[in-house]
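Written below as structure tokens is the structure these notes are about.
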Amino acid sequence: MNVVVIGGGAAGFFGAIACAEANPKANVLLLEKTQKLLAKVRVSGGGRCNVTHSCFVPTVFSQHYPRGSKQLKEAFKLFGATETIAWFKKRGVQLKTEADGRMFPTTDNSETIINCLQQAAREAGVDIRTSAGVEKIEVFNSAAEVSHFLLTLSNGSTIKASKVLVCTGGSPKESSYAWLRDLGHPVITPVPSLFTFNVPASPLKELQGISVAKAKVRVAGQKLEYEGPLLITHWGYSGPAVLKLSAWGARLFYEQNYRFTVLINWIPEFTEDTLRGELQHYRQAHPKKVVLTNPLFGLPQRLWKALCLLADVPEEVKWGELPAKNTNKLVESLLRAPFEVEGKTTFKEEFVTCGGIDLSQVNMRTMESKLVPGLFFAGEVLDIDGITGGFNFQAAWTTGYLAGKTMALQPK
């Protein structure tokens, strides 16, 4: 049995290893179009590789996927975070959990994961070829409903296969999926996910580098909102709250050409009533303190001053002299500060795509195509994407593993 895995990323390696380990008689060939293997693993998590997330209830874990949540529930029951941790531990890689639930190798070095995967592939007998892009897949069906494949590579050579696993990752270009559409597979139009917000006219640009541990970012006129750490940048806003919101709103933001208004709540633990009560209490207790130079609610001094200035609070005014209209504006600045988003920026060297192979035509327990027997998909080429925190890698490990195990069990 000749198995070809297309794509040398996380899902491709996991699929190839799972297949070769489960069926040592299978000839498993992994093809990577570039000269670099596991490129995304290398840059993930700032070079530390956010392997998975510390969450061991499949139904809860699946809730972190804007696309694919429902379909991944059963898949995670078969191979989830628990199994991933055990898989790496068995091969000598220990993972650690950080305060926010993200899990990294104890070495804090993505090379640890890369070396582990490459060694496991070698030991399983996986044949790996780089600079080997696949241009076309032709399918030949036999009377027994067993498919055979002929792959044409970018150099003109061809390879025959009895099973094919496509792990080519996500792409923002719809044309990148044309060769898969040619096989009759429907593709959900790809659009970017996980990006930061550009706010060219932001009055807070000079505060770049300042962050708050918890803010709520909401899209004006929509129910979309997310709460978490927020970072002010020289181009706008970033941090987990923004990145995760960008994932949930990926299609909406694309349709709006990345032009919309966000409302930032800098102190989400307060309601308007409790905030007004707190300000009134402080006003009564400290009437002679200057508003601008005495930050409240644990906000950084420079941010507090900027929000006060947005509320037109005079620079030298004291709490006991603050007019009601300025108090009202300050409440707005703290709970609903509006900022006009005009564009996006890819988050560091990482990118995630919303869209890809339509999940309705894939058996999510085996990752096999419902349209073409013997054809499998795994990783970001599928219409699956998660928020930041190790969820996208877990989807890659899970779908790659299930595909690999199933291909190993397939009859010749």
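A short reminder: the numbers here are calculations on the coordinates, not readings from a lab. If you're wondering where the values come from, they're calculated on a predicted model, not measured in any experiment. Positions of Cβ are backbone-derived with ideal geometry, glycine not excepted, and every protein chain shown enters the neighbour counts.
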Loop-located GluC sites (Glu not before Pro) in segment 239-308 whose Cβ has at most 14 other Cβ within 10 Å (DSSP): E269
Angle between the chain longest axis and helix 391-409 axis [Cα atoms, degrees, rounded to 10]: 10
Dipole axis of segment 195-346 (+1 Lys, Arg; -1 Asp, Glu on Cβ), positive-most option in Y226, Q284, A324: Y226
Top of G379, G15, G68 by mean-square fluctuation, Gaussian network on the chain, Cα under 10 Å: G68
Gaussian network model of the chain, Cα within-10 Å springs - most flexible of N294, N198, N392: N294
Whole-number Å³ per residue for the convex hull built on Cα positions in segment 237-375: 165
Exceeding the 18 Å Cα-Cα cut-off - candidates K205/K329; K205/K344; K136/K160; K77/K405: K205/K329
Inter-label distance for T34 and E340, nm, one decimal - labels placed 7 Å from Cα along Cα-to-Cβ: 3.7
For the chain: rounded, prolate or oblate by the Cα gyration tensor [a/c cutoff 1.5]: prolate
Estimated [θ] at 222 nm from DSSP helical runs (n ≥ 4, -39500 (n - 2.57)) normalised by residues in the chain, nearest 500: -9500 deg cm²/dmol
Computed over the chain: relative contact order in percent, which uses C-alpha pairs under 8 Å that are six or more apart: 25
Descending principal axes extents, segment 98-172, alpha-carbon based, whole Å: 55, 31, 25
Span from the segment 223-241 Cα centroid across to the segment 273-290 one, whole angstrom: 28
Loop GluC sites (Glu not before Pro), segment 306-412 (other Cβ atoms within 10 Å of the site Cβ: 11 or fewer; DSSP): E315, E316
Segment 79-223: C-alpha gyration tensor shape, a/c 1.5 cut-off, then a/b vs b/c: oblate
Rounded if a/c under 1.5, otherwise prolate or oblate - segment 52-137, Cα gyration tensor axes: oblate
Between 0 and 90°, nearest 10: helix 81-90 axis offset from the chain longest Cα axis: 60
Cross-link partners of K318 among aspartates and glutamates (Cα-Cα below 18 Å; sequence separation of 8 or more within a chain): E278
Whichever lysines have a C-alpha closer than 18 Å to that of K214, once near sequence neighbours (fewer than 8 apart) are set aside: K244
Pairwise centroid distance, computed over Cα atoms, of segment 353-412 with segment 92-106, Å: 25
Segment 155-184: trypsin sites (Lys or Arg not before Pro) in DSSP loop, at most 14 other beta carbons within 10 Å: K173
